[in-house]
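*Asks:* Before I ask anything, here is the structure I am working with.
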Amino acid sequence: MAKNPEEEHPVKAFGWAARDSSGVLSPFHFSRRENGDDDVTVKIFYCGVCHSDLHVAKNEWGFTNYPIVPGHEIVGIVTKVGKQVQKFRVGDKVGVGVLVGSCKSCEGCQQDLENYCPQLVFTYNSIDCDGTKTYGGYSDVIVVHQRYVLRFPDNLPSDAGAPLLCAGITVYSPMKYYGMTEPGKHLGVAGLGGLGHVAVKFGKAFGLKVTVISGSQSKEVEAINRLGADSFLVTSDPAKMKAAIGTMDFIIDTISAVHPLLPLLSLLRLNGKLVTVGLPNKPLELPIFPLVLGRKLIGGSDAGGMKETQEMLDFCAKNNITADIELIKMDEINKAMERLAKSDVRYRFVIDVGNSLSHP
Amino acid sequence: MTSIIKKSPEEQHRQKAFGWAARDASGVLSPFKFSRRATGDEDVTFKVLYCGICHSDLHNIKNEWGSSTYPLVPGHEIVGIVTEVGSKVQKFKVGDRVGVGCLVGACHSCDSCSQHLENYCPKMVLTYKSIDYDGNTTYGGYSDIMVVNEHYAIHFPENLPLDAGAPLLCAGITVYSPLKYYGLDKPGLHIGVVGLGGLGHVAVKFAKAFGVKVTVISTSPAKMSEAIQHLGADAFLVSRDPEQLQGAMGTMDGIIDTVSAFHPLMPLIGLLKSDGKLVMVGAPEKPLELAVFPLLAGRKTVAGSMIGGLKETQEMIDFAGKHNITADVEVIPMDYVNTAMERLVKADVRYRFVIDIANTLRAD
């Protein structure tokens, strides 16, 4: 008989969980494993609200195993380290992102690409090596194997830096892999939300010309004045779209709804690359002629490995890059999710777990 | 009132020419008198000996892509012997073996042209069915002579037979270019080749010459022994067999997809390893379905490629010469061409028809 979440493990934990596909979150008592020899225990201060949290809370991808505690943009302080832990000490500021486990022996893991390990364990809604379910960062404490813990730079604010642990690496990794770091090249960022706004910041830090591609005019002033984008393109303006044909070297597509690819492909020049990091829950239509006629490609990317995530955080610390956030209390999470569904946030909610997650 | 009197194909140019053309979208070809320009200072004129039949010829004569203008003389896998060169021609002399592929002109000033990628020039001129810079329609290689700017003429190595080498000028470069560009030419890699026709069989040969392991992916089990025994493929996978597909999941660094009919992409994406590339060289007209999760979950890409530039085409022919790579061909007389087209629709050819122009194209 499956143990109830409170009794599975010896360390008491408390958080907020979704119990069914309404996605509504509420207080939830559960437990964490004893801190093992390779483990680090983290008292959680902040946790970003990623759009994936919403998708999973409502079972939009069809593989949610309730109850789930979402949250994979976690920042906190180390309170305990196991005997074999060298890299961290009690009191260190650390982060935990999208993964908490992998096989450590496959090609992916050996190349520091744990995010492509066929046996990877997600921070929440996954089954860990001990057979128990993983619970995420909308909670007070988490116990993680040291390999999956990140050193959080001191000069990065913990609240505005938390979203980097998913949104940040999700755009940083493909920008490096697909060669979007050559100064002077032209990057399009489709969708201006959590992922998109960070992509604009990275793009500018890499010395690229950045155009935000959006369905509505409303975000134009922000995009240019506050985020530093060089230009703004509204997809529903045929004249502007026509003028922009064949002008971009790359596009990062962060849009998570089903959307047409042909207009985006046409914006690319010869050898252009469209990289999709948003996760629509239905297939997209891919026209092949534009790929063939312009030697273009469409590629995917999924978060990043641990080494690269650390590199990304250090890059952000050096270049003062953080997310634009709205800090909320734990009990405001359901309202925040409703607003997130309407993209009504500039540009990530972050839960002030440390100050507002109180045991009832 | 002024009117522009369009000159007939026979009167447009100075040199008489003869070939076979399609007159309408039935695609039926028949004898056709026309003309070629006089040999200009930078031109090479040659007597056509052989011309390969590319599946694009079939698409075009039947106006399947909607852009055909008639009368249409197809043919862009053309080989022959030089009979005249213009005064500024440096690279060729009378008597040389020469080939012409899919392009006969480009702007020479855009970014693509300056990178030797004339095949991506927005103003490129195709060997047939295009409007040349002098305003006249281009006619292809199902004809007795060709006149072409030397930039677009390819030296044909002495050791490559002209008949079996002709299809390399389109089929060859179409698969060679992406194998190089997408890094699928490194020894020890594993690639899949989808579709075993004109493009597919040449892809297998080039890949083996690069030292790459090759699995042919086909809907017809009947092609297995050919693929392995004759073409040298390492393995064969029937794409309609779910068990075979399952067994090969996550094993390929790249796939060259030569199939232009509508077909599912997802099983092919599943065959790729992490970072694997699915390269489309056949071009289905309608969009295909792309489920995004599998693409993301392995950082995989779907990409396209279209023929190749002239520099790379010469490199490809020289490579073929060095490794004795030719197409597998069925040589036919000119007047068999309509039957050949009917057989091509049914993929009933191993693996390219080549028209024996010199011996069988007769002006009536």
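No value in this document is a laboratory result; all are computed from the given coordinates. All of these numbers come straight from a predicted model, not from anything done at the bench. Here Cβ is always computed from backbone atoms with ideal geometry, including for glycine, and neighbour counts include all displayed protein chains.
*Asks:* Can you run phi through the Karplus equation (6.51, -1.76, 1.60; θ = phi - 60°) for the range B:298-309 and list ³J(HN,Hα) in whole Hz, with x for Gly and Pro?
*Replies:* Values per residue, Gly and Pro as x: x, 6, 9, 10, 10, 9, x, 7, 9, 6, x, x Hz.
*Asks:* OK, next. Most fluctuating residue of A:SER256, A:SER22, A:SER126 in a GNM of chain A with Cα springs under 10 Å: which is it?
*Replies:* With Cα springs under 10 Å in chain A, the top fluctuation among A:SER256, A:SER22, A:SER126 is at A:SER22.
*Asks:* Once you keep just the Cα pairs under 8 angstrom separated by 6 or more residues, what percentage relative contact order results for the range B:122-276?
*Replies:* Averaging sequence separation for qualifying contacts and normalising by length gives 17 percent for the range B:122-276.
*Asks:* Counting Lys and Arg as +1 and Asp and Glu as -1, each charge on the Cβ, what is the dipole of the range A:167-300 about the Cα centre in debye, to the nearest 20?
*Replies:* That gives a dipole near 200 debye.
*Asks:* Counting Lys and Arg as +1 and Asp and Glu as -1, what is the net charge of the other residues whose Cβ lies under 15 Å from the Cβ of B:GLY66?
*Replies:* Result for the local shell: 0.
*Asks:* Just counting partner chain Cβ atoms within 10 Å, what average do the residues of peptide A:102-111 show around their Cβ?
*Replies:* Average per residue, whole number: 1.
*Asks:* Still on this model: Would the range A:167-300 count as rounded, prolate or oblate if I go by the C-alpha gyration tensor, calling it rounded below 1.5 in a/c and otherwise prolate when a/b exceeds b/c, oblate otherwise?
*Replies:* Since a/c stays below 1.5, the shape of the range A:167-300 is classed as rounded.
*Asks:* In addition: Which of A:LEU293, A:THR211, A:ILE328 sits farthest toward the positive end of the charge dipole of chain A, with +1 on the Cβ of Lys and Arg and -1 on the Cβ of Asp and Glu?
*Replies:* A:LEU293
*Asks:* Can you flag which of A:LYS201/A:LYS242; A:LYS176/A:LYS204; A:LYS3/A:LYS133; A:LYS273/B:LYS180 are past 21 Å Cα-Cα?
*Replies:* Distance filter (> 21 Å) returns A:LYS201/A:LYS242.
*Asks:* In whole Hz and in residue order, list the ³J(HN,Hα) couplings for the range B:75-80 that follow from phi through the Karplus curve 6.51 cos²θ - 1.76 cosθ + 1.60, θ = phi - 60°; x for Gly and Pro.
*Replies:* x, 9, 9, 10, 10, x
*Asks:* May I pose another question? Post the alpha-carbon centroid distance, the range A:117-136 to the range A:310-331, in whole angstrom.
*Replies:* Value for the Cα centre distance between the two parts: 25 Å.
*Asks:* Evaluate peptide A:269-278: per residue, the Cβ atoms of other protein chains within 10 Å of its Cβ; return the mean as an integer.
*Replies:* 3
*Asks:* Size of the dipole of the protein assembly as shown about the Cα centre, Lys and Arg at +1 and Asp and Glu at -1 on the beta carbon, nothing else charged, in debye to 20?
*Replies:* Dipole of the protein assembly as shown, to the nearest 20 debye: 620 debye.
*Asks:* In square nanometres and to one decimal, what's the mean projected area of the convex hull around the Cα atoms of chain B?
*Replies:* 19.6
*Asks:* Separate question: Specify the residue with the greatest mean-square fluctuation among A:SER216, A:SER26, A:SER266, computed from a Gaussian network of chain A linking alpha-carbon atoms under 10 Å apart.
*Replies:* A:SER216
*Asks:* Now for a different question. Cα centroids of the range A:24-43 and the range A:270-292: how far apart, whole angstrom?
*Replies:* The range A:24-43 and the range A:270-292 have Cα centres spaced 39 Å from each other.
*Asks:* Given Cα pairs under 8 Å that are at least 6 residues apart, what percent is the relative contact order of the range B:39-82?
*Replies:* 56
*Asks:* Sort the range B:171-304 into rounded, prolate or oblate with this rule: let a ≥ b ≥ c be the square roots of the eigenvalues of the Cα gyration tensor; rounded if a/c is under 1.5, and if a/c is not under 1.5, prolate when a/b is larger than b/c, oblate otherwise.
*Replies:* Since a/c stays below 1.5, the shape of the range B:171-304 is classed as rounded.
*Asks:* Any chance you could check the Cα centroid distance between the range A:341-357 and the range B:54-118 for me, in angstrom?
*Replies:* Cα centroid to Cα centroid, the span is 61 Å.
*Asks:* Return the subset of A:LYS80/A:LYS318; A:LYS296/B:LYS277; B:LYS47/B:LYS93 for which the Cα-Cα distance in this structure is over 21 Å, preserving the input order.
*Replies:* A:LYS80/A:LYS318, as the Cα separations exceed 21 Å there.
*Asks:* Amide H to amide H, which residues 5 or more places from B:GLY304 or on other chains are under 5 Å from it, using H placed in the peptide plane?
*Replies:* For B:GLY304, the qualifying residues are A:LYS296, B:MET280.
*Asks:* Taking chain B as a Gaussian network, Cα atoms linked when under 10 Å apart, which of B:THR45, B:THR326, B:THR219 shows the biggest mean-square fluctuation?
*Replies:* Its mean-square fluctuation being the largest, the pick is B:THR219.
*Asks:* For chain B, what does -39500 (n - 2.57) per DSSP helix run (n ≥ 4), summed and divided by total residues, give at 222 nm, in deg cm²/dmol to the nearest 500?
*Replies:* -6000 deg cm²/dmol, from helical runs alone.
*Asks:* Taking each residue of B:277-290 in turn, how many C-beta atoms of other protein chains fall within 10 Å of its C-beta, and what is the average?
*Replies:* 5
*Asks:* Once you have a ≥ b ≥ c as the square roots of the Cα gyration tensor eigenvalues for the range B:54-125, tell me rounded if a/c is under 1.5, and otherwise prolate or oblate according to whether a/b is larger than b/c.
*Replies:* It comes out oblate by the Cα gyration axes.
*Asks:* Moving to a separate point now. Using +1 at the Cβ of each Lys and Arg and -1 at the Cβ of each Asp and Glu in the protein assembly as shown, identify which of A:SER266, B:CYS54, B:PRO161 lies farthest towards the dipole's positive end.
*Replies:* Checked the options; the winner is A:SER266.
*Asks:* Using alpha-carbon pairs under 8 Å, 6+ residues apart, how would you state the relative contact order of chain A in percent?
*Replies:* Relative contact order of chain A: 17 percent.
*Asks:* Helix A:306-319 versus the longest principal axis of chain A: what angle, 0 to 90°, nearest 10, using Cα atoms?
*Replies:* Taking Cα atoms only, the helix is inclined about 70 degrees.
*Asks:* Per-residue HN-Hα couplings for the range B:211-220, Karplus 6.51 cos²θ - 1.76 cosθ + 1.60 at θ = phi - 60°, whole Hz, x for Gly and Pro?
*Replies:* x, 9, 7, 10, 10, 8, 10, 9, 7, 10
*Asks:* Divide by every residue of chain A the summed helix terms, -39500 (n - 2.57) for each DSSP H run of at least 4, and state the resulting mean residue ellipticity at 222 nm, rounded to the nearest 500 deg cm²/dmol.
*Replies:* When only DSSP H runs of four or more count, the value is -6000 deg cm²/dmol.
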